[in-house]
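No value in this document is a laboratory result; all are computed from the given coordinates. Here the structure is a predicted model, which is why all the values come from computation and not from measurement. Because the Cβ atoms are built from the backbone with ideal geometry, glycine has one as well, and the counts that use them run over all protein chains shown.
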Amino acid sequence: MAEITVPDTVSSIAVPRRRWRRFADSDLWWSFRRSPVTVAAALVAFVIIGAALLAPLIAPHDPYDLASLSLLDATDPPAWLQDGNWSYPLGTDNQGRDVLSTILYGTRLSLLVGCAAVLLSLILGVTLGLVAGWRGGFADTLIMRIADVQLSFPAILIALLIDGVARSVLPREVQAQITLYVLIAAIALSYWVHFARTVRGSTMVERNKEYIQAARVIGVHPARIAIGHLLPNVIGPVLVIATINLATAILTEATLSFLGVGLPPTEPSLGTLIRVGNDFLLSGDWWISIFPGIVLALLILSVNLLGDWLRDAFNPKLR
Amino acid sequence: MIAFIIQRLLQSVLVMLTVALIAFALFNYIGDPISNMVGQDTTQADRERLRQELGLNDSFVVQFARFAGRAVQGNFGLSYQQARPVGQIILEKMPATLELSFTAAFIALILGVPMGIYAGLHRNSWASQAMLAVSLIGVSLPTFLIGILLILVFAVELGWLPSFGRGTVVHLGWWTTGFLTAEGWRAIILPAITLALFQMTLIMRLVRAEMIEVLRTDYIKFARARGLTNRAVNFGHALKNTLVPVITITGLQLGSIIAFAVITETVFQWPGMGLMFIQAVTFADIPVMAAYLVLVGLFFVIINLVVDLLYYAVDPRLRVEREVAANG
């Protein structure tokens, strides 16, 4: 696949075009176009992620700029309601921050934590899975027993526990600065098991195939076989799991932040925004929590749908 | 059979020991237990004597054995935050969580199973399509968001149901129950629905998938060929065979209901173990965290064990496979 050599006569522009043709003719693209739900999910995810990435450019206000905030503007309702104001389209929160802007910046943080956590758990899980499947023996037993114990607990409890331990170990001054990293690590450490189990399973199948034996016979270094030859052949299902786990990781981050052990209100993610808004729900200021909630639900739903589609598209049994 | 039970029991004990070891490590090595107990002006000599008295200078194995021995008796030391025995606090909070969890599990089963059967039997009807669409949303909506929406509609806008707490509770010995007062019943409705919704969609999808799978098999075709009524085929033959995996999953889900109760209890300020755990995490109250960890671990191990044994008892095929594997 990656080894396609391009003849010198072909101009450099032709290569991407040809790749694009190949993609357009592929089963993957066909199954994507055929499912309107998936196309809709991709559109929604694209809009939300795009808006989050462009937040500094398109947000009407800067929620981190304390000087621009005024408590006189606090808890304004959305613009289309009575007392609403079009400079705050979705209303303001208890500190006078524009809800639309905090949502845009909050989605950025939620996505950042989610993606970083998935990436970290992917690296951790794939490495441990490769070691377990490739080396076997004691390493395998140890890694898989840990995985079994961890799998018998819900991930959210493990993430909470790691977060709580980090809170008591680290001094208070440091805590505020590294909350983000603690959160990413806590989520990553609670989701690596799925990756490790999948990779271990396929590694054990691939390990005895001829191309691996051939590589061994000609004396390639074992680490190089594992990374250069084995990894590309076991990585497919991992990417599908990563997509599904992205939705779960975003959800976990939101839940932890909602429970008050995630990101602080000064730098809110979607979960923190919902938590802040929850305190004002009983006084009727529903927009502070409901709008971030809708964005969060749409984001998770669309990523979930994309993950489902990817899983089905990669599963030859369902074709 | 006996070998299998012993093997499973050993495995459970091993898991419990691991959990206890983590809890013990939390308890002993995070922060200095002595500085959590004494004041600023205690002398170094006094600290050392206290250390000796509490046995903190003993070897790791001795200390762990002592910790495990105390844990078995329900003694987890004092809470840093409340300065009361942790065992006592947990005992106070447990009834609230268990009542909520079992009510939620009951709702999830009583609604999820019939909906799943219907959706499996009438695959293409608009009602089952609607159920599937709703269940997809149910899976994607975070638990706390469902709780907030329910509070907004039923507590704030309509004012029908309370938005927090357990209502009036009645003491029955050490157990407190909300089931004996009308207020208690009203208070449990919203949290129980919130907690049940996710599990209900899960059970519904599972029953539906199993039903569709079973209805394709040859013995169902044969039963139809014999001229049995739809009712006998669907409920006598098909349903019975779908229930085995349903029992397993539902049993395992009971464990995660107790875990998800952490979120629901926070949203509704339900005075149970989950809320206690969150407060412990926020205040870094290690003894409470350790005790909760051990207790939840125990719940999970017991549930897993019972489900495994139940599965083994319900499905005769498993027994045969094991014997074949053992002899071959």
With chain B treated as a Gaussian network of Cα nodes joined by springs under 10 Å, which of B:A182, B:A196, B:A238 yields the largest mean-square fluctuation?
-> B:A182
Förster radius 22 Å - calculated FRET efficiency between B:Q88 and B:F299, Cβ distance, rounded to 0.05 = 0.70
Describe numerically, in nm with one decimal, the distance between label points set 7 Å from Cα along Cα→Cβ at B:Q44 and at A:R19.
-> 6.6
C-alpha center-to-center spacing [the stretch A:236-286, the stretch A:98-119] in angstrom | 9
Radius of gyration and maximum dimension Dmax of the stretch A:111-223, Cα, Å = 17.4, 56
Taking 1 over the mean of 1/r across every pair of different Cα atoms in the protein assembly as shown, what Kirkwood radius in Å do you get?
-> 27.9
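Quick one: Cα convex hull volume of chain B, Å³ per residue?
Details: hull volume 62.6 nm³, N = 328.
For chain B, the hull spanned by Cα atoms encloses 191 Å³ per residue.
Restrict the search to the stretch A:164-226; then list the trypsin sites (Lys or Arg not before Pro) that DSSP places in a loop and that have at most 14 other Cβ atoms within 10 Å of their Cβ. Present the calculation step by step, with values, prior to reporting the outcome.
Numbers: sites: A:R167, A:R172, A:R197, A:R200, A:R207, A:K209, A:R216, A:R224; in loops: A:R207, A:K209.
When the trypsin sites (Lys or Arg not before Pro) of the stretch A:164-226 are filtered for loop state and at most 14 Cβ neighbours within 10 Å, A:K209 remain.
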Sort A:148-156, B:95-103 for me by packing, meaning the mean count of neighbouring Cβ atoms within 10 Å per residue, highest on top.
-> B:95-103, A:148-156
Do you know the relative contact order of chain B, to the nearest whole percent, from alpha carbon pairs under 8 angstrom that are 6+ apart?
-> 26
Kyte-Doolittle mean at least 0.5 and Cα axial length at least 24 Å: DSSP H helices in chain B = B:2-29, B:86-121, B:182-215, B:240-268, B:286-314
About its Cα centre, how strong a charge dipole does chain B have in debye, to the nearest 20, once Lys and Arg get +1 and Asp and Glu get -1 at the Cβ?
-> 1260
How do the peptides B:6-18, B:262-274 rank, highest first, by the average count of neighbouring beta carbon atoms within 10 Å per residue?
-> B:262-274, B:6-18
Chain lengthening between B:V306 and B:Q7 when straightened (0.36 nm per residue, less Cα-Cα) | 106.3 nm
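Sort largest first and round to whole Å: the equivalent ellipsoid semi-axes of the stretch B:213-299, each the square root of five times a Cα gyration tensor eigenvalue. Walk me through the numbers before you get to the answer.
On the way: eigenvalues 451, 31, 12 Å².
Semi-axis lengths for the stretch B:213-299 are 48, 12, 8 Å.
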If one computes the Cα centroid of the stretch A:142-164 and of the stretch B:56-112, what distance in Å separates the two points?
-> 18
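Can you pull the mean other chain C-beta count within 10 Å for peptide A:161-167? Could the numbers behind the result be given before it?
On the way: counts 10, 0, 2, 15, 8, 2, 6.
Mean partner-chain Cβ count within 10 Å for A:161-167: 6.
Counting helices only, and only those DSSP H runs with n ≥ 4, report the 222 nm mean residue ellipticity of chain B as the sum of -39,500 (n - 2.57) divided by its residues, in deg cm²/dmol to the nearest 500.
One gets -24500 deg cm²/dmol as the mean residue ellipticity at 222 nm.
Calculate, in nm to one decimal, what B:N230 and B:F106 gain on full extension: separation in residues at 0.36 nm each, minus their alpha carbon distance.
Details: separation 124, 0.36 × 124 = 44.64 nm, distance 2.80 nm.
Extending this stretch completely gives an extra 41.8 nm.
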Between A:L282 and A:F138, Cβ-based FRET efficiency (R0 51 Å, step 0.05) works out to 0.35
Taking +1 at the Cβ of each Lys and Arg and -1 at the Cβ of each Asp and Glu, which of B:T43, A:L183, B:N241 sits farthest along the dipole of the protein assembly as shown towards its positive end, judged by Cα position relative to the Cα centre?
-> B:N241
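Taking each residue of B:275-287 in turn, how many C-beta atoms of other protein chains fall within 10 Å of its C-beta, and what is the average? Write down the numbers at each step before the final one.
Numbers: counts 1, 0, 5, 5, 1, 2, 11, 6, 3, 8, 2, 3, 0.
Across the residues of B:275-287, the mean count of other-chain Cβ atoms within 10 Å is 4.
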Over all residues in B:295-303, what is the mean tally of Cβ atoms on other chains that come within 10 Å of each residue's Cβ?
-> 2
Please list A:247-259, A:38-50 highest first by mean number of surrounding beta-carbon atoms within 10 Å per residue.
-> A:247-259, A:38-50
Can you tell which of B:R84, B:R47, B:R186 shows the greatest fluctuation in a Gaussian network model of chain B with Cα springs below 10 Å?
-> B:R47
Most mobile of B:F67, B:F164, B:F283 per a Gaussian network model of chain B (Cα springs, under 10 Å)?
-> B:F283
Cα-based shape type of the stretch B:99-225, given that a ≥ b ≥ c are square roots of the gyration tensor eigenvalues and the cut on a/c is 1.5 = prolate
Using +1 on the beta carbon of Lys and Arg, -1 on that of Asp and Glu, and nothing else charged, what's the dipole of the stretch A:168-319 about the Cα centre, debye to 20?
-> 860
